[in-house]
Amino acid sequence: MTVVEAGVTSGTGLAAKVVAYDATVRRVVAAAKDPGFTLAGWDPLAEFVAVDEFERVGTWLEVSNWQEYTEFLTKWASSSVFDTTLLRISELPGLVYYEVEERHRRQDGTLDVVRSLSVFVFNEDGKI
């Protein structure tokens, strides 16, 4: 098992893919606030994902496919300023555990800070 502590963002393997995925999320979230943003704006993120196999299980155990997830992300991204700080990342064969602090600033100025742990499951081609 590989464990990377906060502040380390370089390397190879699946953990590095998750760090790059997160950086891409943040770039697209910023772009999602622009007028005319469409679901196609998530295409850079789709490069990391096996979109036909993708399944996201959310905080309340809701399940979504790639299309549903990008629709959810678009609504969320247009109403929040978002950033993360990597706390810990652990890699096992085919799995990455990604612990971050998330900061969400709402349109009314409210700041929500949460810790989250995401589990990324990769297929044999190295796609989420």
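Per residue, the convex hull spanned by the Cα atoms of region 75-119 measures out at 66 cubic angstrom. For the chain, the relative contact order comes to 27 percent (Cα pairs under 8 Å, sequence separation of at least 6). Straight-line cross-link partners of Lys33 among the lysines, defined as a Cα under 18 Å from its Cα and at least 8 positions apart when in the same chain: Lys75. The residue among Val121, Leu61, Ala50 whose Cα reaches farthest toward the positive pole of the charge dipole of region 26-128, with charges on the beta-carbon of Lys, Arg, Asp and Glu, is Leu61.
Dipole size of the chain about its Cα centre, with +1 on Lys/Arg Cβ and -1 on Asp/Glu Cβ: approximately 440 debye, rounded to the nearest 20.
Based on alpha carbons, the Rg and Dmax found for the chain are 14.6, 43 Å.
Would you please classify the overall shape of region 40-106 from the alpha carbon gyration tensor, given that a ≥ b ≥ c denote the square roots of the eigenvalues, rounded means a/c under 1.5, and beyond that prolate means a/b larger than b/c while oblate covers the rest? Oblate shape, in that a/c is at least 1.5 and b/c is the bigger or equal ratio. Measuring nothing but protein heavy atoms, the accessible surface of the chain at 1.4 Å probe radius is 54 percent carbon and sulfur. With everything on Cα atoms, drop me the angle between helix 66-77 and the longest principal axis of the chain, reported from 0 to 90° to the nearest 10. Computed tilt is about 50 degrees.
The values are calculated or read from the model by the stated rules, or taken from the named source; none is laboratory data. Values in this document were obtained by computation on a predicted structure and should not be read as measured data. With ideal geometry, Cβ positions are generated from the backbone for all residues, glycine too; neighbour counts draw on all protein chains shown. Keep in mind that these areas ignore ligands, DNA and RNA; they rest on the heavy atoms of the full protein, side chains included. Shrake-Rupley method; radii C 1.70, N 1.55, O 1.52, S 1.80 Å.
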